[in-house]
1. Can you confirm whether the stretch 23-32 contains a residue that is closer than 30 Å to residue 167 by Cβ, free of Cβ contacts under 8 Å to residues at least 40 places away in the same chain and under 18 Å from the mean Cα position of the chain (by Cα)?
2. Looking at 129, 67, 97 in this structure, which one is out of contact with any strand residue (DSSP E or B) (no Cβ under 9 Å at 6 or more places or on another chain) and within 25 Å of residue 182 (Cα to Cα)?
3. Any residue in the stretch 1-22 that's under 17 Å from residue 50 (Cβ atoms) and free of Cβ contacts under 8 Å to residues at least 40 places away in the same chain: show its pairings with residues that are among the β-branched types (Val, Ile, Thr) and crowded, with 16+ Cβ neighbours inside 10 Å at Cβ separation under 9 Å, as long as the two are six or more apart or on different chains.
4. Any idea which of 104, 77 is without any contact (Cβ under 8 Å) to a residue 40 or more places away in the chain and within 29 Å of residue 181 (Cβ to Cβ)?
5. Do we find a residue being outside any helix (DSSP H, G or I) and in contact with an Asp or Glu (Cβ under 6 Å, 6 or more places away or on another chain) anywhere in the stretch 121-136?
6. How many of the residues making up the stretch 131-143 are more than 15 Å from residue 170 (Cβ to Cβ) and either in contact (Cβ under 8 Å) with a residue 40 or more places away in the chain or within 14 Å of the chain's Cα centre (by Cα) (or both)?
Amino acid sequence: MKTFSPWNEINHYTQPTFRHPKAAARFTDIARRNCRGCKIVVADLLDAADSARARKPRYRSALRYIKRFKRALKAPRTICGLHNYGDTNRFRDRGTKAIIKALRCKEIWLTETGGIYKFRAGKFNASAKRQLRATKYVFKLAKRNPRIKRLYVYTWFGATTPRFDAGLVAHGKPRPAYAEVKKRLR
């Protein structure tokens, strides 16, 4: 069976669907119509908090987006995707829980997650130790929620861009987070 995700991080400001949840819903409905029998991952969202640095962040913007998306969506919400970097790398579950509750999907796939090694200067400084802690945390977070059925760690190779690095391997050498993922695959 083929699996498709019509969009990636539909609520991220770099995407044309950022201010257009109805358009994101139309892409999903088109994919469903044109691929009968396929698994369609709907609403592949980023856990974007209103203020990422807040002690108890709120997700009003993401939840409004989900509400408008669901209203426009005709396809069933069997599988929903979530990129929960914010929660994973800040060792919390607030956004993940809020988004899962708002989506009301039968299954949740963490379609892009994992410990960030480095993200833009100052946001997350380079740290293999912190990346390992975050990688361990995402597995715990997924285990606590029975609707999370799949977890996709992003990415195998790091140090490819100066802006973002979540790689488990860099310059041909595995980072400590690699061993954690390998252990979980057994």
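No value in this document is a laboratory result; all are computed from the given coordinates. These numbers were taken from a predicted model, which means no experiment stands behind them. Positions of Cβ are generated from backbone atoms using ideal geometry, with glycine treated the same way; all protein chains shown enter the neighbour counts.
1. Looking through the stretch 23-32, none of the residues is closer than 30 Å to residue 167 by Cβ, free of Cβ contacts under 8 Å to residues at least 40 places away in the same chain and under 18 Å from the mean Cα position of the chain (by Cα).
2. Among 129, 67, 97, only 129 is out of contact with any strand residue (DSSP E or B) (no Cβ under 9 Å at 6 or more places or on another chain) and within 25 Å of residue 182 (Cα to Cα).
3. What qualifies is 18/10.
4. Numbers: 104 fails: within 29 Å of residue 181 (Cβ to Cβ).
Answer to the selection: 77.
5. Initially, the stretch 121-136 is screened for residues outside any helix (DSSP H, G or I), giving 124-127.
Add one more test, that the residue is in contact with an Asp or Glu (Cβ under 6 Å, 6 or more places away or on another chain), and what stays is none.
No, the stretch 121-136 contains no residue that is outside any helix (DSSP H, G or I) and in contact with an Asp or Glu (Cβ under 6 Å, 6 or more places away or on another chain).
6. Here is the first cut: in the stretch 131-143, the residues more than 15 Å from residue 170 (Cβ to Cβ) are 133-134, 136-143.
When the remaining residues are screened for being either in contact (Cβ under 8 Å) with a residue 40 or more places away in the chain or within 14 Å of the chain's Cα centre (by Cα) (or both), the result is 133-134, 136-139, 141-142.
Residues that pass the stated criteria total 8.
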